[in-house]
Amino acid sequence: MRLSSIPISAWVGIAGITLALFCALFAPWIAPYGERDVVGDIWLPMGGDFPLGTDNLGRDLLSRLIFGARTTIFVALAATVISFSLGMLLSFTAAVTGGFVDQLFSRFNDLMMAIPTLIFALVVLAVLPQQLWILILVMAVLDSTRVFRIGRAVALDVAVMEFVEAARLRGEGTSWIIFREILPNTLSPLLAEFGLRFAFSILFLSTLSFLGLGIQPPAADWGGMVKDNKDGIIFGISAALVPGGAIAGLAICVNLVVDWLMKRTSSLKGGRGDA
Amino acid sequence: MPDLLSVKNLKIEATSYPPGEPPKTVTLVENVSFDLQKGKVLGLIGESGAGKSTIGLSALAYGRGGAVITGGQVLLNGKDILTLGRDGVRTIRGCKVCYVAQSAAAAFNPAHKLGEQVIEAALRHKIMSRPEAEKRALYLFKVLGLPNPETFGDRYPHQVSGGQLQRAMTAMALCPNPELIVFDEPTTALDVTTQIDVLAAIKHAIEETHTAALYITHDLAVVAQISDDIMVLRHGKTVEYGTTKQIIEAPNQDYTRALVSVRQTKREEARDQSNTLLKIEHVSAGYANGFKVLHDVSMHLPKGQTLAIVGESGSGKSTLARVITGLLPPSDGKITFDGKELPRALSGRTKDELRRVQMIYQMADTAMNPRQTVRDIIGRPISFYYGLHGAKKTERVRQLLDQIEMGDRFLDRYPAELSGGQKQRVAIARALAAKPELILCDEPTSALDPLVAEGILNLLLKLQEETAVSYVFITHDIAIVRAIADSVAVMHRGKLVRFGPKSKVLSPPFDDYTDLLLKSVPEMELGWLERVLTTRRMESAGN
Amino acid sequence: MAGGGPITGPALSTGPAAGGEGLSQSAPVPGALVTPPTGVVTGTFWRRFTLRRPLAALIIQRLGLSVGLLFAVSLMIFGGVEALPGDFATTYLGQSATPQAVENIRKDLGLDKPLTERYLNWLGGAVKGDFGTSWASKNSVSEQIGNRLGNSLFLAFFAALVSVPLAVALGMLAVQYRNRLPDKIINVVSLAAISLPEFFVGYLLILFFAVQLGVATFPATVYDSMGFGERLSAIALPVATLVLVVLAHMMRMTRAAILNVMSSAYVETAELKGLSAFRIIAKHAAPNAVAPVINVIALNLAYLVVGVVVVEVVFVYPGMGQYMVDAVTVRDMPVVQACGLIFAAFYIFLNMAADILAILANPRLRHPR
């Protein structure tokens, strides 16, 4: 694959993700003010000392945005990694083992998916203590049901291929079949799926925070910042739209990259089919 | 007499958009010219990629999947249909020229009744009124020998069999009384015993209606029965163009000669029956839902010989292979290998038992992991069974590549970079790498073009001489049986019909099914179809 | 996008992974149909019935499955809440509760009774529409929900009314101009729209239309004495938000569903019959595209029901969603349970409707051999 083969839209996506990651990694060094420092009047307009203005308590919006990138990306990424590992492990086991194990996992997964994710999260978070690791775990478990479904479908697609049967006939063990025969053939769709899940996690986390059930103040996170500043909207103060735009921007960037990955996968597959 | 269809210097190109590369324009067809008169049949023959379907569709001014006609003329009754424009072309399609696709199952709309679809073109082009069209459809159903012609049109596509659907597709093409029909491999997807019926029906219908036809196929024996002229195509170019008699009996070009003489080889069977390698005794098998596929099947195979299992789809021949490998444990009976009973299920077999039986599949594409190189594919059994690694393993892989007549330059290629024949050779090398005593070959040549298939068969015979390996060869093709088998088992609907040495199984007296099967195989001979049909008619009259 | 629905991410129907996801919505059903879940009656009678009336059998199975799912979901919502750490009584009274007060409250709330009895009581009440008393307001939950459910459905109904025809039209437009400029523009815009959180869209609309232009009202309060016209103008912005959010998904899935049909061999056959473009679409493509498109619509409506939660909070609209979010913040469990169950029921019902419509539209099932 050559770099020039990447379309512009994907470059935009990659650039956006890189910028967000840079902010997240080096927040304390690049943010002009502290995360929780009250530095001025409330809801100051953009410009001057505060490029993006100040928030409802007089904190620098840009600094909070940069620190917020850290929280938002870290939590979303952690939830995605956990949900992906969990979903993939269970789905590949189900697909390769088949029979009772497959039935059990799949039916339970159907049950979990019968409740809308947000509603499920609301019910569970109503009961559980508000802690960061619980939040990540709830997001991960709920999202892993979607990963399970995809993982199982993709693995089954490959598992019925004759080269897998050939490996079975040779006497290969389950782990060889999963890691050497099936996994290499599912990497591209799964990579795209990982991107999708990450974008979804960012939006989901932001929504929960916006509803007051995600990251708790005073820690900065983008969804929470929208909640903090939403009362300004009615006075024409756009402070809430800044973190909202950041969420949308990052999600768009991730989706642009995913879109490209998917097109690449499908055209690869098409190429093989035509032969 | 003026020509009905006259194609002049046809050039067809397609643009593909490989990811990450500038668009590529490929020439599919170049400089092809032919003429077709009213009521005549022209056969277009060639391997896959020869451009024969693309040429056929040009008679409807249609390019499939991005193919564009970029040069030449297609004259229908002296008028170039390529210049007609969108609406003009619609007055040709389904009216003057009709099309019969290879897969009727996909080409019929699942949501409408067959009858409606058959008469649709005739009604839409205002060629006839509804009662007239219905009458004609009924007549065509009768001519094509469809069961219950009165009610056949009330059925939905999924309610009838593949052979019937193919005939219904022919009826659909004939219904508007077109001047020309393009048949695109109409019998390729069918079993031989069905193929002969459809073929006879098409021939009969063409004669009855005096329609001209372009008949596209890869099977020279089939086209020889039906066409007046034949054009042999390769890589989008004309190889030879002449009357059917000339092409079959006195071909000018080497390529045509090779096509005509393909699979004419016959091998003497080995007589030695003493040393039995594989013995199948009273084996029955079925699937978990209770559906039984094999009923009480017994056969055996001496060492170093080839057992051909012949049958049509649904005969249980592939299931038998699955039973031998242990993928599907038999419900009854036993399988003995080299004097020892084989455990029923795959999981019960030892590594050595697995090593001694290897398998080659029909589709080499799906039988090899697309993410592994030839080195890995062939090397895995070597390291798995013999524990060889590094230079020693590579040495052995090279040796095997030599044996399958491919060089070391293929070592680091991926399957996608190989041709169909090369892929199948690599699959053979992978089986050989285990040094097996028995190789199960599940239709390894049926997806390949005839000349390539011939090469694979010769390779298998050569390897048998070199290594004394035994083959169980599953096929639907009698010509292959003649070429390679020592003993033959004929299967039909899960039962063994006939088993014994090749010379006995393939000579009379026959049982009914073997007789039908043998007589249905097209022979490279003019007038074969008429002969078979006449004998059939006489037999049925005699009964 | 509030992460409510299972409908996730862009390009649902391109690429293999997307194919899986696209199917995933209805997948519980076909999967379950092939191998009926344990508990479904399997006797000779049922087997014969399946053979004779496969369509009816499939639909009955699907209905049964939904009832079973709903039952299991009620168990999860009730049991899951019970099994989780922390005592409601303590939560209810706060940290300063004396043991005696906790004991009294437990009795008051019926928490001293055995679990199964409480579950059966709760479920029995729920079936009759009685969800108990709110801990926070001491009012009947059902009474409060009744009004709010109506408001939520009102909102969702108008959002559906606008978005469904628009999505189908845009999807068809994209197919018509496939790989040309209009399709590419629709693709990029919808990709962006999928990535926008509901609250961002909502506040953007408020800032622009309500604050700067002053043509719309905010907050979107509705009350009983309001006339129909007033109500409509009050919900204009929330409806617009929901439409924007759900439209992109629905349109992309519609486009994929129609494209799938248009690239089939039978459409080529129709083209080679020389039929007009209109007839090809109306007679040959449409009957086969109806099922997948209806499926797409039903699934997105299911998403819409959940999407209202965030939109209601943004617009301070007195619906179910806001009620539930408020209850979650104060841990008012009877309300949370009731809302959870009702949302899940709608979701399951719409998914079921999607599957049954797909079954009905399949000619192979409608006309068995």
> Among the candidates C:Leu247, C:Leu205, C:Leu173, C:Leu237, which residue alone is within 11 Å of another protein chain (Cβ to nearest Cβ), assigned to a helix (DSSP H, G or I) and touching a residue at least 12 places away in the same chain (Cβ under 8 Å)?
Replying inline: C:Leu205
> Does at least one position in region A:118-126 carry a residue that is more than 7 Å from every other protein chain (Cβ to nearest Cβ) and surrounded by fewer than 17 Cβ atoms within 10 Å (Cβ to Cβ)?
Replying inline: no
> Would you pick out the residues in region B:227-247 that are in contact with a Ser or Thr (Cβ under 9 Å, 6 or more places away or on another chain) and outside any strand (DSSP E or B)?
Replying inline: B:Ser227, B:Asp228, B:Gly236, B:Thr244, B:Ile247
> more than 30 Å from A:Glu165 (Cα to Cα), more than 9 Å from every other protein chain (Cβ to nearest Cβ), out of contact with any Lys or Arg (no Cβ under 6 Å at 6 or more places or on another chain) and surrounded by 24 or more Cβ atoms within 10 Å (Cβ to Cβ) - does that describe any residue in region A:189-201?
Replying inline: yes
> Is it fair to say A:Met112 is over 30 Å from B:Arg430 (Cα atoms), part of a helix (DSSP H, G or I), free of Cβ contacts under 8 Å to residues at least 60 places away in the same chain and within 11 Å of chain C (Cβ to nearest Cβ)?
Replying inline: yes
> So which helices (runs of 4 or more DSSP H) stay within region C:256-336 end to end and still have 2 or more residues that are in contact with a Pro (Cβ under 9 Å, 6 or more places away or on another chain) and buried (at least 24 other Cβ atoms within 10 Å of the Cβ)?
Replying inline: C:286-315
>> Criterion first (more than 9 Å from every other protein chain (Cβ to nearest Cβ), within 18 Å of B:Ile382 (Cα to Cα) and assigned to a helix (DSSP H, G or I)) does A:Ile136 satisfy it?
In response: no
> Are there any strands (runs of 3 or more DSSP E) wholly within region B:1-109 with 1 or more residues that are more than 12 Å from every other protein chain (Cβ to nearest Cβ) and closer than 30 Å to C:Arg279 by Cβ, and if so which?
Replying inline: B:5-16, B:24-36, B:67-76
> With (1) within 22 Å of B:Glu312 (Cα to Cα); (2) part of a helix (DSSP H, G or I); (3) not charged (D, E, K, R) as the list, and B:Tyr139 as the residue in question, which single condition is left unmet?
Replying inline: (1)
>> If I go through region B:155-184 residue by residue, how many of them are assigned to a loop (DSSP other than H, G, I, E, B) and out of contact with any strand residue (DSSP E or B) (no Cβ under 7 Å at 6 or more places or on another chain)?
In response: 6
> Under 6 Å by Cβ, and 6 or more places apart or on different chains, what pairs join a residue from region C:114-136 that is under 21 Å from C:Val328 (Cα atoms) with one that is aliphatic (A, V, I, L, M) and at pLDDT 80 or above?
Replying inline: C:Phe131/C:Val141; C:Phe131/C:Ala338; C:Gly132/C:Val141; C:Ser134/C:Val141; C:Ser134/C:Val335; C:Ala136/C:Val330
>> Out of the residues in region C:131-172 meeting the condition of being touching a helix residue (DSSP H, G or I) at 6+ places or on another chain (Cβ under 8 Å), hydroxyl-bearing (Ser, Thr, Tyr) and farther than 19 Å from C:Ala220 by Cα, tell me which one is modelled with the lowest pLDDT.
In response: C:Ser137
> Would you pick out the residues in region B:410-427 that are part of a helix (DSSP H, G or I) and in contact with a Pro (Cβ under 8 Å, 6 or more places away or on another chain)?
Replying inline: B:Pro415, B:Ala416, B:Lys423, B:Gln424, B:Val426, B:Ala427
> How many residues are crowded, with 24+ Cβ neighbours inside 10 Å and not hydrophobic (A, V, I, L, M, F, W, C) if we restrict to region A:202-240?
Replying inline: 8
> Tally time: how many residues in region C:260-273 are within 12 Å of another protein chain (Cβ to nearest Cβ) and either farther than 24 Å from B:Lys96 by Cα or at pLDDT below 85 (or both)?
Replying inline: 2
> From the set of residues in region B:497-517 that are surrounded by fewer than 18 Cβ atoms within 10 Å (Cβ to Cβ) and in contact (Cβ under 8 Å) with a residue 24 or more places away in the chain, which is farthest from B:Leu529 (Cα to Cα)?
Replying inline: B:Pro501
> Under 6 Å by Cβ, and 6 or more places apart or on different chains, what pairs join a residue from region A:170-185 that is under 15 Å from A:Leu156 (Cα atoms) and more than 7 Å from chain B (Cβ to nearest Cβ) with one that is surrounded by 16 or more Cβ atoms within 10 Å (Cβ to Cβ) and of a type outside the set (A, V, I, L, M)?
Replying inline: A:Ile178/A:Phe92
> How many residues does region B:427-452 hold that are touching a Lys or Arg at 6+ places or on another chain (Cβ under 8 Å) and over 14 Å from B:Met359 (Cα atoms)?
Replying inline: 1
> With region A:1-107 as the region, which helices (runs of 4 or more DSSP H) entirely inside it contain at least 3 residues that are surrounded by fewer than 18 Cβ atoms within 10 Å (Cβ to Cβ) and in contact (Cβ under 8 Å) with a residue 12 or more places away in the chain?
Replying inline: A:8-25, A:61-97
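The values are calculated or read from the model by the stated rules, or taken from the named source; none is laboratory data. Values in this document were obtained by computation on a predicted structure and should not be read as measured data. Virtual Cβ from ideal backbone geometry, glycine too; neighbours counted across all protein chains shown.
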